[in-house]
Amino acid sequence: MSNPITLNVGGKLYTTSLATLTSFPDSMLGAMFSGKMPTKRDSQGNCFIDRDGKVFRYILNFLRTSHLDLPEDFQEMGLLRREADFYQVQPLIEALQEKEVELSKAEKNAMLNITLNQRVQTVHFTVREAPQIYSLSSSSMEVFNANIFSTSCLFLKLLGSKLFYCSNGNLSSITSHLQDPNHLTLDWVANVEGLPEEEYTKQNLRRLWVVPANKQINSFQVFVEEVLKIALSDGFCIDSSHPHALDFMNNKIIRLIRYR
């Protein structure tokens, strides 16, 4: 029996054993408490980890039992998934993936409604022609907006895990923009011919990518195709009664339904 170890995780204290913390040697916790990685201490001498303290209880319980136990009304699956990724407890990551699939299948009838808007905007930018010579240029830019509503919160999370904004040269998941669990608004631009890369950042112009295809979405046609792939794979089908055929063909309104 090893002596108890007290952890301070984001200000919340947990007491456990060294055997529990090293039960998965390949995880970050296994590396920290086997001496392979340095550990920090708080003012009381407790091991300090600057992560979310509330959901750490589920991670710690998994270390103890190798079983994922969550309350029926658990609402922080995304946060728990990020924390599991941080601690790199691979069996927990796999258990969470299985749990999300199980929850998705458990959802009954669902509706997905997407309204699309598109406009053309002129963008002005400077072009460096020589070390001390700049010229002002302008070009037309396609600006896209998609308002997405679904009665399935899990589907919107799935969609958010596939779509990424490109900003400041980096890709970031749109899941972080999902403030309402049933509603998501996307705004992005297509590539602008001749626009220097730094101008996208300077003018706060975000582009949209879909993964794992690593495809940039430069038109509503591509957006609709990719969203349909994701929705159909999750059991949705096109609602034959709505919208009007012309609206659907013109990529203005998309409504899909799912029956379980």
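The values are calculated or read from the model by the stated rules, or taken from the named source; none is laboratory data. Please read these numbers as outputs of a predicted model, since none were measured by experiment. Cβ sites come from the backbone with ideal geometry, for glycine too, and all protein chains shown count toward neighbours. The area values use the complete protein model at the heavy-atom level, side chains included, leaving out ligands, DNA and RNA. Shrake-Rupley method; radii C 1.70, N 1.55, O 1.52, S 1.80 Å.
If I ask for residues that are among the small types (Gly, Ala, Ser) and either touching a residue at least 12 places away in the same chain (Cβ under 8 Å) or not in a strand (DSSP E or B) (or both), which ones from region 129-150 would you list?
Answer for region 129-150, where residues must be among the small types (Gly, Ala, Ser) and either touching a residue at least 12 places away in the same chain (Cβ under 8 Å) or not in a strand (DSSP E or B) (or both): 137, 138, 139, 140, 146, 150.
Can you tell me which residues in region 62-104 are under 27 Å from residue 146 (Cβ atoms) and either open to solvent by less than 20 Å² (accessible area, probe 1.4 Å) or in contact (Cβ under 8 Å) with a residue 24 or more places away in the chain (or both)?
77, 78, 79, 100, 103, 104 - these are the residues of region 62-104 that are under 27 Å from residue 146 (Cβ atoms) and either open to solvent by less than 20 Å² (accessible area, probe 1.4 Å) or in contact (Cβ under 8 Å) with a residue 24 or more places away in the chain (or both).
Keeping to region 5-44, report how many residues are hydroxyl-bearing (Ser, Thr, Tyr) and over 17 Å from residue 57 (Cβ atoms).
Number of matching residues: 4.
Between 51, 81, 57, which is touching a Leu at 6+ places or on another chain (Cβ under 7 Å) and basic (Lys, Arg)?
Exactly one of 51, 81, 57 is touching a Leu at 6+ places or on another chain (Cβ under 7 Å) and basic (Lys, Arg), namely 81.
With the structure loaded, tell me whether residue 185 is modelled with pLDDT of 85 or more and open to solvent by 30 Å² or more (accessible area, probe 1.4 Å) or whether it fails that test.
For residue 185, the condition - modelled with pLDDT of 85 or more and open to solvent by 30 Å² or more (accessible area, probe 1.4 Å) - is met.
May I ask you to say which residue of 36, 40, 12 is among the basic types (Lys, Arg) and closer than 30 Å to residue 178 by Cα?
12
Is it the case, given these coordinates, that residue 154 is open to solvent by 50 Å² or more (accessible area, probe 1.4 Å) and part of a helix (DSSP H, G or I)?
It is false that residue 154 is open to solvent by 50 Å² or more (accessible area, probe 1.4 Å) and part of a helix (DSSP H, G or I).
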